[in-house]
1. Could you list all residues from segment 329-344 that are more than 16 Å from the ligand (Cβ to nearest atom) and surrounded by 21 or more Cβ atoms within 10 Å (Cβ to Cβ)?
2. Does segment 77-98 contain any residue that is closer than 30 Å to ARG148 by Cα, within 14 Å of the ligand (Cβ to nearest atom) and not hydrophobic (A, V, I, L, M, F, W, C)?
3. Where in segment 386-494 are there helices (runs of 4 or more DSSP H), lying fully within it, with 2 or more residues that are under 21 Å from PHE362 (Cα atoms) and of a type in the set (Val, Ile, Thr)?
4. Out of all the residues in segment 306-327, which are outside any helix (DSSP H, G or I) and more than 21 Å from the chain's Cα centre (by Cα)?
5. Output the residues belonging to segment 157-167 that are buried (at least 22 other Cβ atoms within 10 Å of the Cβ) and farther than 18 Å from THR123 by Cβ.
6. Can you work out which of the residues in segment 158-196 that are part of a loop (DSSP other than H, G, I, E, B) and small (Gly, Ala, Ser) is nearest to GLY223 (Cα to Cα)?
7. Among the numbered criteria (1) within 16 Å of the ligand (Cβ to nearest atom); (2) of a type in the set (Phe, Trp, Tyr); (3) surrounded by fewer than 21 Cβ atoms within 10 Å (Cβ to Cβ), which one does TYR365 miss?
8. State which residue is farthest from the ligand (Cβ to nearest atom) when the search covers only segment 137-157 and only residues that are part of a loop (DSSP other than H, G, I, E, B), under 32 Å from the mean Cα position of the chain (by Cα) and in contact (Cβ under 8 Å) with a residue 24 or more places away in the chain.
Amino acid sequence: MTAEWLKDAVFYEIYPQSFKDSNGDGIGDINGIIQKLDYIKSLGCNALWINPCYDSPFKDAGYDVRDYKKVAPRYGTNEDLYNLFDEAHKSGIRVLLDLVPGHTSEEHPWFLESQKAEKNEYTDRFIWTDFCFQGTDGLPYIGGESERSACYILNFFKCQPALNYGFYKTTAPWQKSFRDASALATREAIKDVMRFWLSHGCDGFRVDMAASLVKNDDEKKSGTSEVWHDIRRMLDQEFPDAAMVSEWNDPSLALRAGFDMDFYLNEPGGGYSTLMRDYYNNGGSIHGDRNCEDHSYFKKDAGGNINRFLGQYLSRYENTKDLGYISMLTCNHDTIRPRYSLGEEELKLSYAFIFTMPGVPFLYYGDEIGMKYLEVPTKEGGYFRTGSRTPMQWDESANLGFSTADASDIYLPIDDSADAPTVASQESDPDSLLNTVRSIIALRHQEEELQADAPLYIVCSDAGKPFVYRRGALLCVVNPEGKELDVTLPQNAAMHLQGDVLFEIGDISLREGIISIGAQSFAVIK
Ligand code: NOJ
């Protein structure tokens, strides 16, 4: 059951370390988010995704959870978070927390019990082989650290032991079936965590590594999907308005498994990564080759071709449009900010595109003002990702308004360049990136045909021509190139048009079925 409110949802992702520090200790917190709810509302965002804010040793920025039911003291208290739910709701904003179901921290009490030699309730909460010298079939594992004579499997970093949801196909005696009582107990434990936050006012979850749960799964992820179906049934019965977005990157499987939305993330082979930064060109990878040749679509005169994106996206869209939503995002805490490769006009066009596409869009904090990717030392297992996680830039005051702490106590480095963008410096300029983002999101709320469900039709995607697409009866045109381009509209697109331009970046003119679209321009036409 897809929550009705998602039809017109626009999400804002907040990395809590870096959004707003309300108590002057140099690190962002929950009360800081509450202080900025009016700002979030002013963007037109009506939903939040907050990265993990639970008690943690923070070896992976909180994706190593030590207590699923306790807010990390550095962010505040559980009462602060309940208060955030209330205050956000008063402003018409829903709040998704980040659920990390695949692993805990190695300091989680379940794991501390599980690693004990003596059998106990948590012995099989994690995945262990049955001897200290016995490794696993290709899965990363650790041996030699526990009292128990066995090795345990990791789900990601060394600090993140994999929870036991069982194996779809078992090939060794130590592997439990995904329907074994121990695997079902893990499911119940995660449902309990979900119930806890949902009953305190949380509106749903972004789910970390959602496809990773059942090991040795088949290609269709049948085992993992069975787990999510089970969890979905619980939600439908007890919290029918809750929303779930998966980090799965395969909407056809994720939405069939019961998610409402699946993120469209960067990946090799075209698709999303060809829009804003072509990391995978020439075999480059997102972290390894930031200098690879960039032919991304929104980069002016870079020889980009929208069909590299459409070639992958359209089949995903067609295959899932009746099941739920693909979520396009400006970037997230794991990827490099779009400002790294795109200038201001290019950013405006790419965001206008994202906020006029079907599905449910996500804006990463600071992308609305074009915050830069900073080359900074790694923190909390961030590595190259740390550069996209620096403090929000509010105004020209000390620490760019993020915190009143001494500069030396600021947790993550602040952009100290002379041209660091801030919210305050863009507020009064109607053409600023910030206000362009506000206008296009406002238009999305105003026009149902720009929202999640209205159908998408491609009108023109010829190389060297503007990209023209229709959402219902609204026509969207984009020309990322440095020169004016014309396109003759086919009869079936032209006949829907009254000719009213509802939104415009740059110059557009329309006469007798021909649209002339100026250099680096975008328009929505009724
Ligand atoms: C994906 C999260 O987005 C990332 O930040 C984290 O490091 C891994 N999952 C492990 O939880």
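The values are calculated or read from the model by the stated rules, or taken from the named source; none is laboratory data. Note that the structure is a prediction, hence the values are computed from the model and not measured. Using ideal geometry, Cβ is built from the backbone for each residue, glycine included, and neighbour counts are taken over all protein chains shown.
1. The answer is PRO338, ARG339, LEU342.
2. So in segment 77-98, the residues closer than 30 Å to ARG148 by Cα come out as none.
Scanning segment 77-98, I find no residue that is closer than 30 Å to ARG148 by Cα, within 14 Å of the ligand (Cβ to nearest atom) and not hydrophobic (A, V, I, L, M, F, W, C), so the answer is no.
3. On the way: elements: 423-427, 433-446, 491-494.
Where helices (runs of 4 or more DSSP H) fall fully within segment 386-494 and carry at least 2 residues being under 21 Å from PHE362 (Cα atoms) and of a type in the set (Val, Ile, Thr), they are 433-446.
4. ASP322
5. Scanning segment 157-167 gives a single hit, GLN160.
6. Filtering segment 158-196 for residues that are part of a loop (DSSP other than H, G, I, E, B) and small (Gly, Ala, Ser), the one nearest to GLY223 (Cα to Cα) comes out as GLY166.
7. Of everything listed in (1) within 16 Å of the ligand (Cβ to nearest atom); (2) of a type in the set (Phe, Trp, Tyr); (3) surrounded by fewer than 21 Cβ atoms within 10 Å (Cβ to Cβ), TYR365 misses just condition (3).
8. First, the residues of segment 137-157 that are part of a loop (DSSP other than H, G, I, E, B): 137-140, 143-151, 155-157.
From what is left, the residues that are under 32 Å from the mean Cα position of the chain (by Cα) are 137-140, 155-157.
Now drop any that are not in contact (Cβ under 8 Å) with a residue 24 or more places away in the chain, which leaves 137, 139, 155-157.
Working: ASP137: 22, LEU139: 15, ASN155: 7, PHE156: 4, PHE157: 7 Å.
Here the residue is ASP137.
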